[in-house]
1. Using packing as a proxy for protection, rank 31-41, 117-127 so that the peptide with the highest average count of other Cβ atoms within 10 Å comes first.
2. Mind giving me the FRET efficiency for Ser68 and Glu179? R0 is 41 Å, r the Cβ-Cβ distance, nearest 0.05 is fine.
3. Send over the Kirkwood Rh of segment 27-140, from the inverse of the averaged 1/r over different Cα pairs, rounded to one decimal Å.
Amino acid sequence: AGAAMPRVSEPTSTVREVTEEQQKAVTPRVYSLIIGAGTEIVATIQNFTRHHRFVSGVIMSCVGEVESITMHINGETKQVANPRLITSASGIANCIGPQRLHVNMVNKNGEAFGGELVSATVCAGCCVDFAFLEIPHLGLSRPKMGASIDKTKFKYPLVISHPAIQWVDPARQHAAQVEANANPEGA
C-alpha cells in the first residue's frame, strides 16, 4: 500500500465586502489643473484643494511660464526678476494648511534654479498645467520651517524618510475633512 496523501486544509481567510463608499474613501485619485494667464498660482492651488477637500495630496508635475515671482531660496525670501519657465514641481497639497510647492525654473538663457514658490502669476498668453495625486488614507503635512517634529505624538510606529514630513493621525484627517466640508471656499 502506498503512503497516504497529506491532508490539505481549507483556507481560513474570509472575504469581506467593501462598499463603494469605503472604496472611494481610500482610492488615490489623479487631478489635472490648468491655471490661466494672470492668475496667482499658490492661492489657486489652495482654493482647488479646498474645493476638492484634499486632506492629503501631492503635486506630481507642473509646467508653465510665470512672472511676479516670490520664492524661498536658501532660507531667504527673494523676488525673482523676469518671466521664468517652470520645468518641474513637487510638493504637498492639502486643505489643512498652506501649500508647499517646490519648483525648478529656467530663465531665457537656460540657467536653472529652484526653491519653494511663495507666489507667482501666470504670464500673459500662457497657462500652467498641474497634476495632483490625492491620497485620502495617507495624511501628509509639513510643519513650518524651523519647527521640530514631536515623535511622541505619532500614534503608529513608522519610519520617517524625511525629517520635515510627518504622518497625520486619522483623527486629525477627519477633523480637517469636517472643517473643509463646513467651509468649502476657505473663507
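1. 117-127, 31-41
2. For Ser68 and Glu179, the calculated efficiency is 0.85.
3. About 14.1 Å for segment 27-140.
Taken together, the values in this text are just the output of simple stated rules run on the coordinates, not laboratory data. All of these numbers come straight from a predicted model, not from anything done at the bench. Positions of Cβ are generated from backbone atoms using ideal geometry, with glycine treated the same way; all protein chains shown enter the neighbour counts.
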